[in-house]
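A.B. asks: Dropping the structure in here first, questions after.
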Amino acid sequence: MKAISKLVQEVPASGIRKFFDVVSQMEGVISLGVGEPDFVTPWHIREACIWSVEKGYTNYTSNYGLLQLREAISEYLEAAYGVSYSPRDAVLVTVGVSEGLDLALRAIINPGDEIIVVEPCYVSYKPCVSFAGGTPVAVGSDVSRDFRVTARDIEAAVTPRTKAILLSYPSNPTGAVLPCPDCLEIVEVARKHDLYMISDEIYANLTYEGEHTCFAALPGMKDRIILLNGFSKAYAMTGWRLGYAASNPQVIEAMMKIHQYTMLCAPIAAQMGAIEALKNGDAPMREMVAEYDNRRRFIVKGLNDIGLECFMPKGAFYAFPSIRRSGLSSEEFSSRLLFEEKVAVVPGDAFGECGEGHVRCAYASSIADIEEALHRMERFLRRLEKERA
(Lines give C-alpha, C1' and ligand atoms only; values in the text may rest on other atoms or scores of the structure.)
Protein backbone atom coordinates (compact mmCIF):
# COMPACT_ATOMS: atom_id res chain seq x y z
CA MET A 1 0.00 0.00 0.00
CA LYS A 2 1.29 3.48 -0.83
CA ALA A 3 2.37 5.79 1.98
CA ILE A 4 0.10 8.40 3.49
CA SER A 5 0.85 12.11 3.10
CA LYS A 6 4.42 12.99 4.00
CA LEU A 7 3.18 16.31 5.37
CA VAL A 8 0.78 14.60 7.75
CA GLN A 9 3.47 12.16 8.86
CA GLU A 10 5.82 15.03 9.69
CA VAL A 11 3.33 16.86 11.92
CA PRO A 12 3.64 15.55 15.50
CA ALA A 13 0.66 14.28 17.46
CA SER A 14 -0.91 16.65 19.96
CA GLY A 15 1.04 16.90 23.20
CA ILE A 16 -2.29 17.15 25.05
CA ARG A 17 -3.91 14.04 23.61
CA LYS A 18 -0.89 11.87 24.33
CA PHE A 19 -1.43 12.40 28.05
CA PHE A 20 -5.18 12.10 28.01
CA ASP A 21 -5.20 8.84 26.14
CA VAL A 22 -3.45 7.56 29.29
CA VAL A 23 -5.72 9.47 31.67
CA SER A 24 -8.83 7.92 30.14
CA GLN A 25 -7.59 4.48 31.20
CA MET A 26 -6.73 5.41 34.82
CA GLU A 27 -8.95 5.44 37.87
CA GLY A 28 -8.91 8.26 40.42
CA VAL A 29 -7.15 10.86 38.28
CA ILE A 30 -7.73 14.54 39.00
CA SER A 31 -7.45 16.31 35.68
CA LEU A 32 -6.12 19.84 35.45
CA GLY A 33 -5.46 19.24 31.81
CA VAL A 34 -8.35 19.54 29.38
CA GLY A 35 -9.55 23.11 28.80
CA GLU A 36 -13.22 22.35 29.23
CA PRO A 37 -15.65 24.01 31.66
CA ASP A 38 -17.00 21.72 34.35
CA PHE A 39 -20.32 23.53 34.06
CA VAL A 40 -23.23 22.20 32.04
CA THR A 41 -24.55 24.49 29.31
CA PRO A 42 -27.17 26.76 30.96
CA TRP A 43 -30.66 25.30 30.80
CA HIS A 44 -32.26 28.08 28.75
CA ILE A 45 -29.71 27.47 25.97
CA ARG A 46 -30.32 23.72 26.04
CA GLU A 47 -34.06 24.37 26.04
CA ALA A 48 -33.77 26.54 22.90
CA CYS A 49 -32.00 23.67 21.17
CA ILE A 50 -34.60 21.13 22.32
CA TRP A 51 -37.41 23.44 21.18
CA SER A 52 -35.83 23.81 17.74
CA VAL A 53 -35.66 20.04 17.28
CA GLU A 54 -39.24 19.57 18.49
CA LYS A 55 -40.39 22.21 15.99
CA GLY A 56 -38.65 20.41 13.15
CA TYR A 57 -35.60 22.60 12.63
CA THR A 58 -33.52 19.77 11.21
CA ASN A 59 -32.53 21.19 7.83
CA TYR A 60 -29.39 22.65 6.34
CA THR A 61 -28.80 26.34 6.81
CA SER A 62 -27.09 28.84 4.55
CA ASN A 63 -23.38 28.07 4.16
CA TYR A 64 -22.79 31.29 6.06
CA GLY A 65 -25.03 30.11 8.91
CA LEU A 66 -28.47 31.20 10.04
CA LEU A 67 -28.97 34.87 9.25
CA GLN A 68 -30.64 35.35 12.64
CA LEU A 69 -27.48 34.07 14.34
CA ARG A 70 -25.20 36.19 12.17
CA GLU A 71 -27.31 39.21 13.04
CA ALA A 72 -26.98 38.37 16.75
CA ILE A 73 -23.19 38.00 16.38
CA SER A 74 -22.98 41.33 14.57
CA GLU A 75 -25.05 43.03 17.27
CA TYR A 76 -22.88 41.50 19.98
CA LEU A 77 -19.61 42.69 18.42
CA GLU A 78 -21.04 46.17 17.95
CA ALA A 79 -22.29 46.37 21.55
CA ALA A 80 -19.19 44.82 23.15
CA TYR A 81 -16.41 46.43 21.13
CA GLY A 82 -17.92 49.06 18.86
CA VAL A 83 -16.90 47.18 15.72
CA SER A 84 -19.50 46.77 12.98
CA TYR A 85 -19.69 43.80 10.60
CA SER A 86 -22.40 43.19 8.03
CA PRO A 87 -24.21 39.99 9.05
CA ARG A 88 -24.89 39.16 5.40
CA ASP A 89 -21.36 38.99 4.02
CA ALA A 90 -18.82 39.67 6.79
CA VAL A 91 -19.74 36.96 9.34
CA LEU A 92 -19.38 33.19 8.90
CA VAL A 93 -20.65 30.57 11.36
CA THR A 94 -18.16 27.71 11.73
CA VAL A 95 -17.95 24.31 13.41
CA GLY A 96 -16.01 25.59 16.38
CA VAL A 97 -13.18 28.09 16.35
CA SER A 98 -10.95 25.22 15.24
CA GLU A 99 -12.67 25.09 11.86
CA GLY A 100 -12.64 28.88 11.70
CA LEU A 101 -8.86 28.89 12.15
CA ASP A 102 -8.39 26.22 9.48
CA LEU A 103 -10.59 28.13 7.03
CA ALA A 104 -8.83 31.42 7.72
CA LEU A 105 -5.40 29.94 7.07
CA ARG A 106 -6.43 28.09 3.93
CA ALA A 107 -8.18 31.19 2.60
CA ILE A 108 -5.09 33.41 2.76
CA ILE A 109 -2.05 31.10 2.41
CA ASN A 110 -0.21 30.47 -0.83
CA PRO A 111 2.46 27.72 -0.80
CA GLY A 112 5.54 28.95 1.06
CA ASP A 113 3.83 31.85 2.83
CA GLU A 114 5.02 32.37 6.38
CA ILE A 115 2.65 32.82 9.32
CA ILE A 116 4.06 34.30 12.51
CA VAL A 117 2.72 32.25 15.43
CA VAL A 118 3.02 33.74 18.92
CA GLU A 119 4.05 31.11 21.48
CA PRO A 120 3.25 29.53 23.85
CA CYS A 121 0.12 28.85 21.84
CA TYR A 122 -2.71 26.39 21.40
CA VAL A 123 -1.38 23.10 20.06
CA SER A 124 -3.19 23.23 16.71
CA TYR A 125 -1.84 26.56 15.44
CA LYS A 126 1.41 25.44 13.84
CA PRO A 127 0.04 22.16 12.45
CA CYS A 128 -2.88 24.01 10.85
CA VAL A 129 -0.46 26.44 9.19
CA SER A 130 1.49 23.48 7.82
CA PHE A 131 -1.65 21.68 6.61
CA ALA A 132 -2.63 24.84 4.72
CA GLY A 133 0.70 24.85 2.88
CA GLY A 134 2.33 27.60 4.90
CA THR A 135 5.38 27.79 7.09
CA PRO A 136 4.86 28.59 10.80
CA VAL A 137 7.42 30.98 12.26
CA ALA A 138 7.45 30.89 16.06
CA VAL A 139 7.87 34.09 18.08
CA GLY A 140 8.28 33.33 21.76
CA SER A 141 7.23 35.15 24.89
CA ASP A 142 8.30 34.46 28.47
CA VAL A 143 7.30 34.87 32.06
CA SER A 144 9.46 37.98 32.56
CA ARG A 145 6.68 39.91 30.78
CA ASP A 146 3.85 37.63 31.94
CA PHE A 147 3.97 36.01 28.49
CA ARG A 148 3.01 39.20 26.68
CA VAL A 149 4.60 39.23 23.23
CA THR A 150 6.26 42.46 22.06
CA ALA A 151 5.79 44.22 18.74
CA ARG A 152 9.57 44.34 18.44
CA ASP A 153 9.83 40.55 18.64
CA ILE A 154 7.11 40.12 16.04
CA GLU A 155 8.67 42.62 13.65
CA ALA A 156 12.06 40.90 13.95
CA ALA A 157 10.44 37.75 12.51
CA VAL A 158 8.88 39.47 9.48
CA THR A 159 10.32 38.52 6.08
CA PRO A 160 9.16 39.18 2.49
CA ARG A 161 7.24 35.87 2.70
CA THR A 162 5.29 36.78 5.85
CA LYS A 163 1.53 36.77 5.25
CA ALA A 164 -0.06 37.05 8.67
CA ILE A 165 0.35 37.19 12.44
CA LEU A 166 -1.58 34.56 14.41
CA LEU A 167 -2.15 35.16 18.10
CA SER A 168 -4.64 34.61 20.88
CA TYR A 169 -5.24 36.74 23.96
CA PRO A 170 -6.35 35.89 26.59
CA SER A 171 -3.89 33.09 26.00
CA ASN A 172 -4.18 29.36 26.07
CA PRO A 173 -2.00 28.07 27.80
CA THR A 174 -0.67 30.97 29.87
CA GLY A 175 -3.71 33.06 30.76
CA ALA A 176 -1.83 36.17 29.63
CA VAL A 177 -3.66 39.21 28.29
CA LEU A 178 -2.39 42.08 26.17
CA PRO A 179 -3.07 45.63 27.36
CA CYS A 180 -4.30 48.04 24.72
CA PRO A 181 -0.96 49.92 24.28
CA ASP A 182 0.75 46.60 23.42
CA CYS A 183 -2.01 45.77 20.94
CA LEU A 184 -1.64 49.16 19.25
CA GLU A 185 2.07 48.56 18.74
CA ILE A 186 1.44 45.14 17.22
CA VAL A 187 -1.20 46.35 14.78
CA GLU A 188 1.21 49.04 13.65
CA VAL A 189 3.61 46.25 12.63
CA ALA A 190 0.78 44.61 10.66
CA ARG A 191 -0.03 47.86 8.88
CA LYS A 192 3.61 48.69 8.17
CA HIS A 193 4.26 45.32 6.52
CA ASP A 194 0.77 44.86 5.00
CA LEU A 195 -0.01 41.72 6.99
CA TYR A 196 -3.22 40.00 7.91
CA MET A 197 -3.83 39.33 11.59
CA ILE A 198 -5.72 36.28 12.77
CA SER A 199 -6.98 36.96 16.28
CA ASP A 200 -8.42 34.01 18.20
CA GLU A 201 -10.52 35.65 20.93
CA ILE A 202 -12.38 32.60 22.24
CA TYR A 203 -11.45 33.58 25.83
CA ALA A 204 -12.39 37.26 25.47
CA ASN A 205 -15.21 37.05 28.01
CA LEU A 206 -12.93 35.32 30.49
CA THR A 207 -10.93 38.46 31.24
CA TYR A 208 -10.61 39.11 34.97
CA GLU A 209 -8.50 42.25 35.22
CA GLY A 210 -9.01 45.25 32.95
CA GLU A 211 -10.95 45.05 29.70
CA HIS A 212 -10.38 42.81 26.71
CA THR A 213 -8.96 44.61 23.68
CA CYS A 214 -10.57 43.42 20.45
CA PHE A 215 -7.98 43.84 17.69
CA ALA A 216 -10.67 44.47 15.08
CA ALA A 217 -11.88 47.51 17.01
CA LEU A 218 -8.51 49.26 16.82
CA PRO A 219 -8.26 52.14 14.32
CA GLY A 220 -8.05 51.02 10.71
CA MET A 221 -7.81 47.31 11.52
CA LYS A 222 -11.27 45.86 10.88
CA ASP A 223 -10.58 44.76 7.29
CA ARG A 224 -7.08 43.48 8.08
CA ILE A 225 -8.18 41.33 11.04
CA ILE A 226 -9.74 37.88 10.81
CA LEU A 227 -11.56 37.75 14.13
CA LEU A 228 -12.33 34.29 15.51
CA ASN A 229 -14.61 33.61 18.45
CA GLY A 230 -17.21 31.14 19.59
CA PHE A 231 -19.41 29.74 22.33
CA SER A 232 -17.39 26.89 23.86
CA LYS A 233 -15.71 28.58 26.80
CA ALA A 234 -17.87 31.50 27.92
CA TYR A 235 -21.17 29.62 27.63
CA ALA A 236 -19.92 26.10 28.53
CA MET A 237 -20.81 24.84 25.05
CA THR A 238 -17.69 22.87 24.11
CA GLY A 239 -19.55 19.88 22.70
CA TRP A 240 -21.84 22.04 20.59
CA ARG A 241 -18.89 22.83 18.26
CA LEU A 242 -19.90 26.31 17.20
CA GLY A 243 -17.76 29.32 16.41
CA TYR A 244 -17.66 32.22 14.02
CA ALA A 245 -15.34 34.38 11.96
CA ALA A 246 -15.72 38.06 11.13
CA SER A 247 -13.64 39.92 8.57
CA ASN A 248 -13.91 41.82 5.32
CA PRO A 249 -16.32 40.28 2.78
CA GLN A 250 -13.53 39.13 0.44
CA VAL A 251 -11.91 37.03 3.16
CA ILE A 252 -15.22 35.70 4.47
CA GLU A 253 -16.28 34.73 0.94
CA ALA A 254 -13.02 32.79 0.50
CA MET A 255 -13.50 31.06 3.86
CA MET A 256 -17.10 30.24 3.02
CA LYS A 257 -16.05 28.70 -0.30
CA ILE A 258 -13.86 26.16 1.52
CA HIS A 259 -16.51 25.69 4.22
CA GLN A 260 -19.26 24.92 1.69
CA TYR A 261 -17.24 22.12 0.09
CA THR A 262 -15.89 20.57 3.28
CA MET A 263 -18.47 21.17 6.02
CA LEU A 264 -21.45 22.75 4.25
CA CYS A 265 -22.83 24.36 7.39
CA ALA A 266 -22.80 24.15 11.16
CA PRO A 267 -25.59 22.09 12.80
CA ILE A 268 -28.83 24.06 12.92
CA ALA A 269 -29.77 22.96 16.48
CA ALA A 270 -26.46 24.30 17.80
CA GLN A 271 -27.02 27.55 15.94
CA MET A 272 -30.45 27.93 17.52
CA GLY A 273 -28.88 27.42 20.94
CA ALA A 274 -26.22 30.03 20.15
CA ILE A 275 -28.87 32.62 19.31
CA GLU A 276 -30.33 32.12 22.78
CA ALA A 277 -26.85 32.32 24.33
CA LEU A 278 -26.18 35.71 22.74
CA LYS A 279 -29.61 37.10 23.54
CA ASN A 280 -30.06 35.88 27.12
CA GLY A 281 -26.85 34.22 28.25
CA ASP A 282 -25.05 37.15 29.84
CA ALA A 283 -26.11 36.53 33.46
CA PRO A 284 -25.19 32.82 33.67
CA MET A 285 -21.96 33.54 31.80
CA ARG A 286 -20.99 36.15 34.38
CA GLU A 287 -21.74 33.70 37.20
CA MET A 288 -19.42 31.12 35.63
CA VAL A 289 -16.69 33.71 35.04
CA ALA A 290 -16.92 34.84 38.67
CA GLU A 291 -16.39 31.25 39.79
CA TYR A 292 -13.39 30.87 37.46
CA ASP A 293 -11.99 34.03 39.02
CA ASN A 294 -12.30 32.47 42.50
CA ARG A 295 -10.55 29.33 41.28
CA ARG A 296 -7.86 31.40 39.58
CA ARG A 297 -6.86 33.06 42.82
CA PHE A 298 -7.09 29.80 44.74
CA ILE A 299 -4.89 27.75 42.40
CA VAL A 300 -2.24 30.44 41.88
CA LYS A 301 -1.89 30.97 45.62
CA GLY A 302 -1.74 27.22 46.13
CA LEU A 303 0.90 26.71 43.46
CA ASN A 304 3.08 29.44 44.89
CA ASP A 305 2.59 28.09 48.42
CA ILE A 306 3.88 24.64 47.46
CA GLY A 307 6.89 26.14 45.70
CA LEU A 308 5.85 26.25 42.06
CA GLU A 309 6.29 29.88 41.07
CA CYS A 310 3.30 31.10 39.09
CA PHE A 311 2.36 34.53 37.82
CA MET A 312 -1.25 35.61 38.14
CA PRO A 313 -3.05 34.95 34.83
CA LYS A 314 -5.48 37.68 33.87
CA GLY A 315 -7.67 35.70 31.50
CA ALA A 316 -8.82 32.27 30.22
CA PHE A 317 -8.83 29.45 32.83
CA TYR A 318 -5.23 28.30 32.90
CA ALA A 319 -2.30 28.71 35.26
CA PHE A 320 1.20 28.19 33.84
CA PRO A 321 3.55 27.59 36.76
CA SER A 322 7.29 27.07 36.46
CA ILE A 323 8.46 23.57 37.39
CA ARG A 324 12.17 24.28 36.96
CA ARG A 325 12.88 23.84 40.68
CA SER A 326 11.91 20.18 40.29
CA GLY A 327 14.95 19.51 38.12
CA LEU A 328 12.71 17.70 35.62
CA SER A 329 11.71 18.58 32.10
CA SER A 330 8.07 19.52 31.53
CA GLU A 331 7.44 16.12 29.97
CA GLU A 332 9.10 14.21 32.82
CA PHE A 333 7.32 16.26 35.48
CA SER A 334 3.90 15.75 33.89
CA SER A 335 4.42 12.04 33.31
CA ARG A 336 5.69 11.29 36.80
CA LEU A 337 3.00 13.42 38.44
CA LEU A 338 0.36 11.50 36.51
CA PHE A 339 1.65 8.01 37.29
CA GLU A 340 2.81 8.66 40.84
CA GLU A 341 0.07 10.98 42.14
CA LYS A 342 -2.70 10.70 39.53
CA VAL A 343 -2.80 14.40 38.73
CA ALA A 344 -2.96 15.31 35.05
CA VAL A 345 -1.35 18.51 33.78
CA VAL A 346 0.00 19.32 30.33
CA PRO A 347 3.73 19.76 29.70
CA GLY A 348 4.50 23.32 28.69
CA ASP A 349 6.55 22.38 25.64
CA ALA A 350 3.36 21.02 24.03
CA PHE A 351 2.59 24.70 23.36
CA GLY A 352 5.98 25.59 21.89
CA GLU A 353 9.63 25.47 22.86
CA CYS A 354 9.34 28.55 25.09
CA GLY A 355 6.82 26.65 27.21
CA GLU A 356 9.51 24.27 28.43
CA GLY A 357 10.02 24.53 32.19
CA HIS A 358 6.28 25.07 32.76
CA VAL A 359 3.11 23.01 32.89
CA ARG A 360 -0.45 24.03 32.12
CA CYS A 361 -2.99 23.61 34.91
CA ALA A 362 -6.61 24.23 33.95
CA TYR A 363 -8.77 25.58 36.76
CA ALA A 364 -12.01 24.59 35.06
CA SER A 365 -12.37 21.99 37.81
CA SER A 366 -14.02 22.43 41.21
CA ILE A 367 -12.24 24.03 44.17
CA ALA A 368 -12.35 20.65 45.93
CA ASP A 369 -10.56 18.93 43.03
CA ILE A 370 -8.02 21.75 42.75
CA GLU A 371 -7.33 21.55 46.50
CA GLU A 372 -6.74 17.79 46.36
CA ALA A 373 -4.58 18.15 43.24
CA LEU A 374 -2.42 20.75 45.01
CA HIS A 375 -2.03 18.41 47.99
CA ARG A 376 -0.86 15.60 45.71
CA MET A 377 1.48 17.93 43.82
CA GLU A 378 3.06 19.09 47.09
CA ARG A 379 3.60 15.48 48.13
CA PHE A 380 5.22 14.80 44.76
CA LEU A 381 7.56 17.79 45.10
CA ARG A 382 8.64 16.75 48.60
CA ARG A 383 9.45 13.28 47.29
CA LEU A 384 11.56 14.79 44.50
CA GLU A 385 13.47 16.81 47.11
CA LYS A 386 14.29 13.64 49.02
CA GLU A 387 15.47 11.96 45.81
CA ARG A 388 17.90 14.79 45.16
CA ALA A 389 19.14 14.96 48.76
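A.B. asks: Of all residues in region 218-255, how many are assigned to a helix (DSSP H, G or I) and either touching a residue at least 12 places away in the same chain (Cβ under 8 Å) or of a type in the set (Gly, Ala, Ser) (or both)? Write out each step before concluding.
C.D. replies: Initially, region 218-255 is screened for residues assigned to a helix (DSSP H, G or I), giving 238-240, 249-255.
In the following step, the residues that additionally are either touching a residue at least 12 places away in the same chain (Cβ under 8 Å) or of a type in the set (Gly, Ala, Ser) (or both) were identified as 238-240, 249, 251-255.
Counting residues in region 218-255 that are assigned to a helix (DSSP H, G or I) and either touching a residue at least 12 places away in the same chain (Cβ under 8 Å) or of a type in the set (Gly, Ala, Ser) (or both) gives 9.
A.B. asks: Can you find, within region 62-91, the residue that is surrounded by the most Cβ atoms within 10 Å (Cβ to Cβ) among those that are under 17 Å from Lys279 (Cα atoms) and polar (S, T, N, Q)?
C.D. replies: Among those residues, the one meeting the criterion is Ser74.
A.B. asks: For region 369-378, indicate whether the set of residues that are among the basic types (Lys, Arg) and modelled with pLDDT of 95 or more is non-empty.
C.D. replies: The answer is yes, given that some residue of region 369-378 is among the basic types (Lys, Arg) and modelled with pLDDT of 95 or more.
A.B. asks: Starting from residues that are of a type in the set (Val, Ile, Thr) and in contact with a Phe, Trp or Tyr (Cβ under 8 Å, 6 or more places away or on another chain), keep the ones in region 158-185 and report whichever is surrounded by the fewest Cβ atoms within 10 Å (Cβ to Cβ).
C.D. replies: Val177
A.B. asks: Residue by residue through region 326-351, note down the ones that are surrounded by fewer than 24 Cβ atoms within 10 Å (Cβ to Cβ) and within 19 Å of Val117 (Cβ to Cβ).
C.D. replies: Scanning region 326-351 gives a single hit, Asp349.
A.B. asks: Still on this model: Exactly one condition in (1) crowded, with 18+ Cβ neighbours inside 10 Å; (2) in contact with a helix residue (DSSP H, G or I) (Cβ under 6 Å, 6 or more places away or on another chain) is not met by Tyr203; state its number.
C.D. replies: (2)
A.B. asks: Give me the residue from region 334-350 that is within 20 Å of Glu387 (Cα to Cα) and in a helix (DSSP H, G or I) and, out of that set, farthest from the chain's Cα centre (by Cα).
C.D. replies: Glu340
A.B. asks: Could I ask something else about it? If you go through region 198-211, how many residues are part of a loop (DSSP other than H, G, I, E, B) and touching a Leu at 6+ places or on another chain (Cβ under 9 Å)?
C.D. replies: The total comes to 2.
A.B. asks: Any idea which of Phe311, Phe339, Phe351, Phe380 is of a type in the set (Phe, Trp, Tyr) and without any contact (Cβ under 8 Å) to a residue 24 or more places away in the chain? Walk me through how you get there before you give the answer.
C.D. replies: On the way: Phe311 fails: without any contact (Cβ under 8 Å) to a residue 24 or more places away in the chain; Phe351 fails: without any contact (Cβ under 8 Å) to a residue 24 or more places away in the chain; Phe380 fails: without any contact (Cβ under 8 Å) to a residue 24 or more places away in the chain.
Of Phe311, Phe339, Phe351, Phe380, the one residue that is of a type in the set (Phe, Trp, Tyr) and without any contact (Cβ under 8 Å) to a residue 24 or more places away in the chain is Phe339.
The values are calculated or read from the model by the stated rules, or taken from the named source; none is laboratory data. Treat the numbers as computed from the prediction; the structure is a model and nothing was measured. Ideal geometry is used to build each Cβ from the backbone, glycine not excepted, and the neighbour counts take in all protein chains shown.
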